[in-house]
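Worksheet for the structure shown next.
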Amino acid sequence: ISMWTHGAAGLAARVAGVPVVWHFQDIVNPHAGFGLYQRMVLFWARYIPDRIICIADRVAAPLRADPDVRSRVTVLWNTVDLDQFSSSQSPHQNASSYLLRIGTVARLTPWKGHEVALQVARHLQEAGVPFCWHFAGDETLGLSSYRNHLETLVATWNLSATVQFHGWVENIADFYRELDVLVHLPTEPEPFGLVLAEAMAAGLPIISTPGGANDLVTNAGGELVLPGRVQPVAELLTSWSRYRSELVTRGIRASRFAHDTFSIDTFSDDLVTIYNSL
């Protein structure tokens, strides 16, 4: 609905003689409506907006592919409260801990990859890797049975001693501070993925799949794997559990990258520049 509003509201502004800026926060599915949806958005993009702001390169890609639209597209990454998520203590002050503390922060819905994460946990346990895995996030509306499914897998695979579902976590910044690494394995590309920016700001190395802010993970000391792949994730976590100093190095890199990329001051300056240009 919000994407259609870009057309309707933008057209009204055009009729009124007002400059139009689109803010795109989602990926235009090329298959929606047998491709008609994306073609309609691109048609509007040629004539309605003066500037188009996208929250990630993945969101901007279909618009940039059109030569008539490309010059008006700007990517401004979403921001996070760096003061809130940054720790006053050194990243991974407990890096010498025996347990590798793994976290996943995502709403409980199948495409977020929780089942893949549990398969990784099963692999780590069978390999004798000492770890604990904490999942933060509630069920998606209408999918309450999914948590039951995941908890059944935990019981079936004897993961109850190492895996815990916390549901909604009120203070997510403190949750990040109790981790060594964030694992985020969606099976479909995300427009952005705010938890990744938060985790970077908290100084956490990340293992994720491509899409949205996920594509920045390797620049921030993390690693990308293909969706649905269990073995590469398990191998990375096994290596990091043995070489804890690497976690510290990667965590520092993540924190520095977040401060350079997700600052509200930088975002505000860039946004004001765009509006002043009109």
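Filtering the range 210-233 to residues that are part of a loop (DSSP other than H, G, I, E, B) and crowded, with 24+ Cβ neighbours inside 10 Å leaves only GLY222. The residues of the range 20-58 that are assigned to a helix (DSSP H, G or I) and in contact with a strand residue (DSSP E or B) (Cβ under 7 Å, 6 or more places away or on another chain), listed by number, are ALA45, ASP57. Of SER88, SER71, which residue is open to solvent by 30 Å² or more (accessible area, probe 1.4 Å), hydroxyl-bearing (Ser, Thr, Tyr) and at pLDDT 90 or above? The conditions single out SER71. Counting residues in the range 131-139 that are closer than 15 Å to ARG107 by Cα and either touching a Pro at 6+ places or on another chain (Cβ under 7 Å) or outside any strand (DSSP E or B) (or both) gives one or more.
Residues in the range 242-274 that are open to solvent by less than 80 Å² (accessible area, probe 1.4 Å) and among the acidic types (Asp, Glu) were compared, and the one that is nearest to ALA127 (Cα to Cα) is GLU246. Looking across the range 7-19 at every residue that is assigned to a helix (DSSP H, G or I) and within 18 Å of TYR275 (Cα to Cα), the one that is most open to solvent (accessible area, probe 1.4 Å) is identified as ARG14. Taking (1) more than 18 Å from ALA234 (Cα to Cα); (2) at pLDDT below 95 in turn, ALA136 satisfies each apart from (2). Which members of the range 140-188 meet the condition of being part of a helix (DSSP H, G or I) and either loosely packed, with under 13 Cβ neighbours inside 10 Å or acidic (Asp, Glu) (or both)? Answer for the range 140-188, where residues must be part of a helix (DSSP H, G or I) and either loosely packed, with under 13 Cβ neighbours inside 10 Å or acidic (Asp, Glu) (or both): SER144, SER145, ASN148, GLU151, THR152, ALA155, THR156, ASP174.
The values are calculated or read from the model by the stated rules, or taken from the named source; none is laboratory data. Because the structure is predicted, anything quoted here is derived from the model rather than measured. Note that each Cβ is placed from the backbone with ideal geometry, even for glycine, and that neighbours are counted across all protein chains shown. Heavy atoms of the whole protein, side chains included, go into the accessibility calculation; ligands, DNA and RNA do not. Shrake-Rupley method; radii C 1.70, N 1.55, O 1.52, S 1.80 Å.
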